[in-house]
Every structure is written in C-alpha cells, then in structure tokens.
1. Run down 153, 131, 94 and say which single residue is closer than 23 Å to residue 52 by Cβ, open to solvent by less than 40 Å² (accessible area, probe 1.4 Å) and over 15 Å from the mean Cα position of the chain (by Cα).
2. Could you check how many residues of the range 30-66 are over 15 Å from residue 138 (Cβ atoms), open to solvent by 40 Å² or more (accessible area, probe 1.4 Å) and part of a helix (DSSP H, G or I)?
3. Quick one: residue 112 ticks every box in (1) charged (D, E, K, R); (2) over 24 Å from residue 44 (Cα atoms); (3) over 11 Å from the mean Cα position of the chain (by Cα) except a single one, so which number is it?
4. Restricting to the range 103-117, count the residues that are out of contact with any Gly (no Cβ under 6 Å at 6 or more places or on another chain) and open to solvent by less than 40 Å² (accessible area, probe 1.4 Å).
5. Within the range 145-165, work out how many residues are assigned to a helix (DSSP H, G or I) and either among the hydrophobic types (A, V, I, L, M, F, W, C) or without any contact (Cβ under 8 Å) to a residue 24 or more places away in the chain (or both).
6. Only residues that are within 11 Å of residue 106 (Cβ to Cβ) and either loosely packed, with under 15 Cβ neighbours inside 10 Å or small (Gly, Ala, Ser) (or both): list them for the range 134-150, please.
7. With respect to residue 25, is the statement that it is open to solvent by 40 Å² or more (accessible area, probe 1.4 Å) and either over 23 Å from residue 112 (Cβ atoms) or in a helix (DSSP H, G or I) (or both) true?
8. So residue 76 fits all but one of (1) open to solvent by 70 Å² or more (accessible area, probe 1.4 Å); (2) part of a helix (DSSP H, G or I); what number is the exception?
Amino acid sequence: MTEHVPPCNDLPLSDDLIAELRSDHAGECGAVAIYTGILAVSRDAKVRAFATEHRDTERVHWAFFDEWLPKAHHSRLLPLWRAAGWLLGAFSALFGARAVFRTIAAVETFVEQHYLEQIKTMAAQPELRSLVAKLEQFCDEEVEHRDDASGRLDSGGGNIASLWSRIVGSGSSLGVAIAKRI
C-alpha cells in the first residue's frame, strides 16, 4: 500500500509535470474505455473476464487522477480519449482474442515506458516521494496487464501483429503528446 499523496496543489509541480500528469489522467480514462469497448463487442468468456478484471484496475487509476488532479488541469479532450479508447478496444475485439491481447500488450508496453520516464524525472525530488510511489504502483499494475496479455499470445504473431503493435504504440504516443497540451 502506498502512502497518502498530498493534494496536487500542495506539491511543487512544474508546468511540465502538470502536463505529464494530465496525460496520465487522459490515458487512464482512455484505458477504461478500451476495456469497455472490448466488453461491448467480445462474447468470448476468457476475453470478457480479462477485460473486466483489468478495467477494474484502470478505473482505480483513473479515479485517482480524476479526483487528485484539479479540474483546471484535466485534458479538455476527455470525450475524444473515451471515444478513441472505446473504438480501439471494440475494433480489436472484432478480430478476436489474439487481437485483444496484442492490443493490450502494445498499449501497456507504451504505458510502462511513459510512467517510468515520469518516475525517473520526479525521483530526484523528495517532496514528490508519495506521488512517485503511487506512479510506481500504477506502473507495476500496468506491467501486470501487459504480462497477462502477452502470456495469452501463443507466438510473436508475424508482420501484421508487429505492424499493429507499432500502430497502437504510435497512437498512444500521439495521444500523450496532445493530452499534455490540451
């Protein structure tokens, strides 16, 4: 269990760090929507159980940022992140379990790197210790999602799977870049 994170406004956060945290809030909103999109389309019991379990974790992450980050710092594009996430989840579910697991593995690979970069940036500031601990917890849980999805894939998947993973990673990167600004 991580320690209590002081209110956002009580921490010495630069504008750049606020932008990073805004992208986390937007990303967690999108992650909830990805799993909701999967659940809207998939009828596979194993996929549905996977999506339900991980959506529950993403809801906790999103709720933290939604409550902790002042509304003035939320992305103004939350409806877009919800729609994009839902469409990504639903689209992957149309192609079956392997597409779902490949999509989640790609998204969570990106998210792990994103959180690790933030953690590295903030680690040098002792006054951000509790926030860093929270981000480390979230990062560890995202890695669990990635590893769960990857463990359900039977092979590398070939060129199409590799291309899809790059598309998903690039889309995630673009989403972060936009959310940091808007």
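The values are calculated or read from the model by the stated rules, or taken from the named source; none is laboratory data. Owing to the predicted nature of the structure, the values given are computational and were not obtained by experimental measurement. All Cβ positions, glycine included, derive from the backbone under ideal geometry; neighbour counts span all protein chains shown. For accessibility, only protein heavy atoms count, side chains too; no ligands or nucleic acids. Shrake-Rupley method; radii C 1.70, N 1.55, O 1.52, S 1.80 Å.
1. Being closer than 23 Å to residue 52 by Cβ, open to solvent by less than 40 Å² (accessible area, probe 1.4 Å) and over 15 Å from the mean Cα position of the chain (by Cα) holds for just one of 153, 131, 94, which is 153.
2. Step one: filter the range 30-66 for residues over 15 Å from residue 138 (Cβ atoms), giving 33-53.
In the following step, the residues that additionally are open to solvent by 40 Å² or more (accessible area, probe 1.4 Å) were identified as 36, 40-41, 43-46, 48-49, 52-53.
Cutting the leftovers down to part of a helix (DSSP H, G or I) gives us 36, 40-41, 45-46, 48-49, 52-53.
Final tally of qualifying residues: 9.
3. The failed condition is (3).
4. Total satisfying the criteria: 9.
5. 10
6. 149, 150
7. Working: open to solvent by 40 Å² or more (accessible area, probe 1.4 Å): no; either over 23 Å from residue 112 (Cβ atoms) or in a helix (DSSP H, G or I) (or both): yes.
Answer is no for this residue.
8. Only one criterion is unmet by residue 76, namely (2).
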